[in-house]
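As C-alpha cells, the structure follows; a few thoughts come after it.
Derivation of every value follows stated rules applied to the coordinates shown; laboratory data play no part. Because the structure is a prediction, the values reported are computed rather than measured. Counting neighbours? That spans all protein chains shown, and the Cβs are built from the backbone with ideal geometry, glycine included.
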Amino acid sequence: MTMEKKVLMVLASQNFRDPEFFVPKDVIEKAGITVLTASSKPESTGAEGGKVKIDALLDKVNPSEYDAVAFIGGPGSTEYFDNKTAHQICKNTIGSGKVLASICAAGSTLARAGVLKGKKATAFEGRGQDLKDHGAIYTGKPLEIDGSIITANGPRAAREFGEAIVKALK
C-alpha cells in the first residue's frame, strides 16, 4: 500500500456511532491508507462520547481528491439522508469509479442519492425498507459488496467493513 491512497469518512456532526468510525479507521490506517474526515461542523461527537476534529466541512469536499468515501452511521446520520451535498458526493464518487461505502443507518444516504438502484446493499435493519423503497436490493447481510459499493449493517461488521475498503483499494 502506498500513502497516496486517501479515504474520506463522513460523520454526522452529532451522534455518529463511535465503533463504526473508530474501528474501520484503525483498520484502514494500519494498512497505510490516510483517513480524513468530513462533517457539517468543525467537530463531531459520537453517540458514545468520542470527539473527532474534522478535516473538511462537507460543503467544501471535492470527492475527486479521495480514493474512497465512507458514510458512517449512528442516530445522527439522518442529517445526511436528504442532504443535497451528501447526495452529490455519492453521485460524483460512483461516477468517477471510486469506492463508495456506508455502514449502518448511513445506507439511507446512498439509497436516497439514487446510487443503490439495482445494487445489492445492506444497512441497519431498521433502514432496510428505505433502501428497498429507493431501488436497492436489500440483503440484510453483515457486509455487502456490489461493484465499487461497500455497505455494512452496523458495529459488529465494522472491522470487516474497514477490511473491505482496504481490499477494494489494493
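Numbers at a glance
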| quantity | calculated |
| --- | --- |
| Residues that are part of a helix (DSSP H, G or I), within 13 Å of the chain's Cα centre (by Cα) and either over 10 Å from Thr109 (Cα atoms) or of a type outside the set (S, T, N, Q) (or both), drawn from region 77-90 | Tyr80, Ala86, His87, Ile89, Cys90 |
| Residue ID - surrounded by the most Cβ atoms within 10 Å (Cβ to Cβ), chosen from residues in region 1-33 that are in a strand (DSSP E or B) and in contact with a Leu (Cβ under 7 Å, 6 or more places away or on another chain) | Val10 |
| Residues satisfying the stated conditions in region 34-71, i.e. in a loop (DSSP other than H, G, I, E, B), among the polar types (S, T, N, Q) and in contact with an Asp or Glu (Cβ under 8 Å, 6 or more places away or on another chain) | Ser40 |
| Those residues of region 124-158 which are in a loop (DSSP other than H, G, I, E, B), in contact with an Asp or Glu (Cβ under 8 Å, 6 or more places away or on another chain) and of a type outside the set (S, T, N, Q), in sequence order | Gly140, Pro142, Gly154 |
| Which numbered condition Asp59 misses (of (1) within 13 Å of the chain's Cα centre (by Cα); (2) surrounded by fewer than 14 Cβ atoms within 10 Å (Cβ to Cβ)) | (1) |
| Residue count, region 158-169 (criterion: surrounded by fewer than 24 Cβ atoms within 10 Å (Cβ to Cβ) and over 20 Å from Tyr66 (Cα atoms)) | 2 |
| Cross-chain or 6+ apart pairs with Cβ under 6 Å, region 71-91 first and closer than 24 Å to Phe22 by Cβ, then basic (Lys, Arg) and crowded, with 24+ Cβ neighbours inside 10 Å | Gly73/Arg17; Gly74/Arg17 |
